[in-house]
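K.L.:
Quick one: the structure is below, questions incoming.
Bear in mind that the values in this text are calculations on the coordinates, not laboratory data. Every value quoted in this text rests on a predicted model; they were computed, and no experiment measured them. Heads up, the Cβs are rebuilt from the backbone with ideal geometry, glycines too, and the neighbour counts pull from every protein chain shown.
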Amino acid sequence: IRPDFFTDMLLSRSEPIHCQECGKVFGSKKSFDKVIAIMQGRNSDESTLELLHYCEDCRVSKLFAEGGQA
């Protein structure tokens with residue numbers, strides 16, 4: 001085996017998406033845009049779509065703060 005066989009190689013790169021509350025990276029922009037398109041196609045309400053802009057931790061906090069109205 002050649003020594004360079006085990007060197008790191010970038011095969012793909014995706015733009016990360018950051019939580020609007022805490023700044024944590026929680027996915028890629030490409031997958032986020034696809035989910036938003038699917039949800040809009042199902043006529044989801046704006047409050048549900050707004051929650052998708054937050055990471056899993058902040059989303060739960062927002063749900064409890066709003067009394068689970070999403």
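K.L.:
Please determine, in degrees from 0 to 90 and to the nearest 10, the orientation of helix 56-65 with respect to the longest principal axis defined by the Cα atoms of the chain, where the helix direction is its Cα long axis.
P.N.:
Long axis of 56-65 versus the principal axis of the chain: about 10 degrees.
K.L.:
Continuing with this model, one more query. Which one of 67, 9, 39 has its Cα pushed farthest toward the positive end of the charge dipole of the chain, where Lys and Arg give +1 and Asp and Glu give -1 at the Cβ?
P.N.:
9
K.L.:
Which order do the peptides 16-27, 31-42 come out in when sorted by mean C-beta neighbours inside 10 angstrom, highest first?
P.N.:
Packing order, densest peptide first, comes out as 16-27, 31-42.
K.L.:
Assign unit charges at the C-beta atoms only (+1 for Lys and Arg, -1 for Asp and Glu), then state the dipole size of region 4-51 relative to its Cα centre in Debye, rounded to the nearest 20. Show your work: numbers first, answer last.
P.N.:
On the way: 6 positive and 8 negative charges, 28 e Å.
Dipole about the Cα centre, nearest 20: 140 debye.
K.L.:
Please list the three semi-axes, largest first and in whole Å, of the ellipsoid equivalent to the chain, using sqrt of 5 times the eigenvalues of its alpha carbon gyration tensor. Don't skip to the answer; put the middle values down first.
P.N.:
Details: eigenvalues 243, 49, 12 Å².
Sorted largest first and rounded, they come to 35, 16, 8 Å.
K.L.:
Relative to the longest principal axis of the C-alpha atoms of the chain, give the angle of the C-alpha long axis of helix 29-41, reported between 0 and 90° and rounded to the nearest 10°.
P.N.:
30 degrees
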